Every structure is written in C-alpha cells, then in structure tokens.
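> Starting off with a structure, shown below.
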Amino acid sequence: MDSDDNPLPILPAGPPDNQLGERRLLEASMSTTVTNWPARFEEMIDFVGLTDEDRTLIKDSGPLIVAQARPLNDFFYDYLLQYPQARKFFVTDADEPDEKRIEANKQTMISWLRASAAAPSNEGFIRYLVGISQMHENIPVHRAELSPVAPRYIIGTISYYQTAIANILLEKIPNANLAARTSRAWNKWLMVMLELLLANYLMHDTDA
C-alpha cells in the first residue's frame, strides 16, 4: 500500500427502507468484514500485471482525463436514459428526467474519475470502491420499490470509460507508443477497480 495516497471515505449506503434492504445491508457489511478486500485488490493488481510504471502513466495522463470528465458524463447519462432498466433510477414518477438526481450522480462520477486518475492503492480507496458496490446493490433509499442496480450497467459503465479514455489518450498524446502504453495501463487499472465495484454482487467469492 502507498502511504502517500490520500484515503477516501467509504460512501454511505443510507438507511434501508424495508426488511429486504436491511438484510442486504447486513450481508454487505458482513462481506466487507469477512473478505480481505485489500488482499483481493493486491491480487488483482498482480493478476492483471499493473506495474509501478503503469501507475505512473495513469497519474501523468490524469489531467487529460479529468479535463474531459464533464462532457464524458454528460454524454453517458444521456445515453443511460435510453435503457429502461437504467433510466428508472434517474427519472421522476412521471418518467421525466430528474435533473437534480442526475447532476448529483454526475458529480459522484466526476469525483470517482478524479480519484481514479491518481491511481491510489491505500485501504481508504479500496473501501471507497466497495462502498460504491454496496450502494448499487442495496435497494435505492429514495424509491424503495426499485430493484438494486443491475451489475451489467456497472460493467457497461467501465466499458464506456475504457473506450472514452483510450480515445482521449490517442487524441491528446502525440507519441503513439506512449499513448498506447498509457491506454493499456488504464485498461488494467479499470479492471482492478471493476472487481471491487462488483464486490457486493460477488459475495459468494470469499476465497481471499
């Protein structure tokens, strides 16, 4: 772990609205306690071959990516609204876009992207990612009749960022070899984070 990385707080899941929500929140808490997430994180870093050089490339390119965070998220949330099972989380009861909620989620995504661009590996960041998974897997607090977020949308979100980041790097970095190496580094890093972003969907996988 890097002692100089700034830890990020775990995101609160909010109080459950019913017994099912309480059970899921309890299970999520138990999974975080039983599973050694820092060990899992380190194993994934090793498994995908994320090196110190890769992390340096990510950090060096961070300003290029963060500078595009707003347009990336504006496009992505418009895109999400085209899919009913994703749209339902971002609309009012009248099926109109809930601009306040959409903006709040955009700010959350921008914060995640900014934190990710620093390529931290401390326990605070690890718990931050597991906390995001916990929020997505829990029944939404604001509308208890909805289901948890389907994991396919989390996977799809990371896929979107993989493509978007690769395009930014190819456009902004004149050296094609450096752009390719940086893109590969980001691909590895996104896969490491994806494993923890799916943490509460993978509660059965407790080998670590």
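The values are calculated or read from the model by the stated rules, or taken from the named source; none is laboratory data. Keep in mind the model is a prediction, meaning the values are calculated, not measured. Glycine gets a Cβ as well: all are built from the backbone with ideal geometry, and neighbour counts include every protein chain shown.
> Assess whether Leu81 counts as being buried (at least 17 other Cβ atoms within 10 Å of the Cβ) and closer than 25 Å to Tyr201 by Cβ. So that I can check it myself, show each step before the final result.
Details: buried (at least 17 other Cβ atoms within 10 Å of the Cβ): no; closer than 25 Å to Tyr201 by Cβ: yes.
Judged against the criteria, Leu81 is not a match.
> Okay, next question. Consider Asp5 carefully, then state whether it is within 30 Å of Leu178 (Cβ to Cβ), modelled with pLDDT under 90 and surrounded by 12 or more Cβ atoms within 10 Å (Cβ to Cβ). So that I can check it myself, show each step before the final result.
Details: within 30 Å of Leu178 (Cβ to Cβ): yes; modelled with pLDDT under 90: yes; surrounded by 12 or more Cβ atoms within 10 Å (Cβ to Cβ): yes.
Yes.
> How many of the residues in region 177-189 are crowded, with 16+ Cβ neighbours inside 10 Å, of a type outside the set (S, T, N, Q) and free of Cβ contacts under 8 Å to residues at least 40 places away in the same chain?
1
> Could you check region 35-139 for helices (runs of 4 or more DSSP H) lying wholly inside it with 1 or more residues that are within 16 Å of Ala185 (Cβ to Cβ)? Lay out the reasoning, then the answer.
On the way: elements: 37-48, 52-66, 69-80, 84-87, 99-116, 123-137.
Fully inside region 35-139 and qualifying: 37-48, 52-66, 99-116.
> Can you tell me which of (1) buried (at least 17 other Cβ atoms within 10 Å of the Cβ); (2) closer than 30 Å to Arg40 by Cα; (3) not hydroxyl-bearing (Ser, Thr, Tyr) is the one Ile110 doesn't meet?
In the conditions (1) buried (at least 17 other Cβ atoms within 10 Å of the Cβ); (2) closer than 30 Å to Arg40 by Cα; (3) not hydroxyl-bearing (Ser, Thr, Tyr), Ile110 misses (1) alone.
> Let me ask something additional. Report every pair of residues separated by at least 6 positions or lying on different chains whose Cβ atoms are under 6 Å apart, first residue within region 58-75 and touching a residue at least 12 places away in the same chain (Cβ under 8 Å), second of a type outside the set (A, V, I, L, M, F, W, C).
Short answer, once both residue conditions are applied: Ser61/Thr182; Leu64/Lys172; Val66/Arg114; Asn73/Lys106.
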